[in-house]
Amino acid sequence: MNAIAHDFAPATELTFADPRRVKLRTRPLKALGHFRRLLKDKENTAEVFHIFEALPRRDFVPSARAFVASETGRKLLADERALAPILDDHAALRKLPEGSVAHAYCDFMEREGLSAQGLIDENDKSMGDRPRYNDVLAWYGNRHRDTHDLLHVLTGYGRDPLGEQCVLAFTFSQSPSPAHLFIAYLGGLHIKRQTRTRAPVLAAIREGQALGKACPRIAEMPIRELLAMPLEEARTKLNITPAKHYWEAHRVFREEGQDPYALMKPRAA
């Protein structure tokens with residue numbers, strides 16, 4: 001597949017893979033070095049980019065090729081070229097019925113002060129001077145990136161340290177980049193070491209991985225249709241059941257006098 005024409009821009013074509021792309025090599029020691037630097041400065045999102053670069057997803061290209069060759073993939077390439085404008089249009093999303101995924105998503109993003117475009121901006125910032133590609137591979141990868149916060153809403157995982165590790169484990173089963181599990185489990189071990197908790201941290205992360213495996217690939221679904229669905233109906237359709245170990249971990253954290261959303265701070269007396 002060399003080029004794909006899409007309905008919204010009939011005068012243009014989108015190349016499947018930019019010829020400038022360089023095949024990435026797996027470099028676990030490099031990934032470990034960047035993870036250590038990330039622990040020292042958790043706001044340095046560039047380190048996350050470097051970890052994913054050092055631990056690339058091996059089936060990414062064939063998965064993208066298969067998806068864009070499918071009827072659904074071709075339709076979404078035309079209808080949902082960019083997800084951020086859809087996800088950030090809260091005025092339009094709020095017109096959908098109460099109790100829908102859209103309302104839950106808006107509630108979550110507004111409460112947390114987040115936006116889909118903000119995630120893109122952070123990603124662009126972390127890339128530095130690296131080249132940007134306008135091809136099918138970039139489009140396919142962007143769908144996985146831009147649905148990250150939607151995964152929080154659908155799974156119920158919060159933005160606490162453990163919740164983020166669980167979402168990463170869930171995402172690995174959706175998009176099997178080794179970097180997802182690398183960060184998720186090392187992050188979980190770091191939580192255990194720093195807090196000395198009895199909470200089932202690693203069990204919660206394994207549970208997130210299992211939930212992601214049971215769920216169809218959300219990034220390959222029509223996001224507009226998903227947003228319009230009632231939240232509980234969407235969870236049932238996607239086989240997303242309540243994360244028992246995650247909430248048990250929260251209970252134990254609080255029993256130990258620890259705030260699940262501030263686990264890296266000194267323990268309460």
For the stretch 70-102, how many residues meet the condition of being part of a loop (DSSP other than H, G, I, E, B), in contact (Cβ under 8 Å) with a residue 12 or more places away in the chain and more than 13 Å from GLU220 (Cβ to Cβ)? 7
Kindly indicate whether ARG217 is closer than 29 Å to ALA31 by Cα, touching a residue at least 40 places away in the same chain (Cβ under 8 Å) and surrounded by fewer than 13 Cβ atoms within 10 Å (Cβ to Cβ). no
Residue satisfying condition, being modelled with pLDDT of 95 or more, over 30 Å from LYS40 (Cα atoms), out of contact with any Lys or Arg (no Cβ under 8 Å at 6 or more places or on another chain) and not basic (Lys, Arg), within set LEU189, LEU238: LEU238
Of all helices (runs of 4 or more DSSP H) completely enclosed by the stretch 159-269, which ones contain at least 2 residues that are closer than 29 Å to ASP59 by Cα and of a type in the set (A, V, I, L, M, F, W, C)? 161-174, 178-195, 201-214, 223-228
Scan the stretch 110-156 residue by residue and report those that are hydroxyl-bearing (Ser, Thr, Tyr) and over 11 Å from the mean Cα position of the chain (by Cα). SER115, SER126, TYR133, TYR140, THR155
May I ask you to list the residues in the stretch 113-144 that are part of a helix (DSSP H, G or I) and modelled with pLDDT under 95? GLY118, LEU119, ILE120, ASP121, GLU122, ASN123, ASP124, LYS125, SER126, MET127
Being under 19 Å from ALA210 (Cβ atoms), at pLDDT 95 or above, under 12 Å from the mean Cα position of the chain (by Cα) and not small (Gly, Ala, Ser) is the requirement here; does LEU162 meet it? no
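The values are calculated or read from the model by the stated rules, or taken from the named source; none is laboratory data. Values in this document were obtained by computation on a predicted structure and should not be read as measured data. Neighbour counts run over all protein chains shown; Cβ positions are idealised from the backbone, glycine included.
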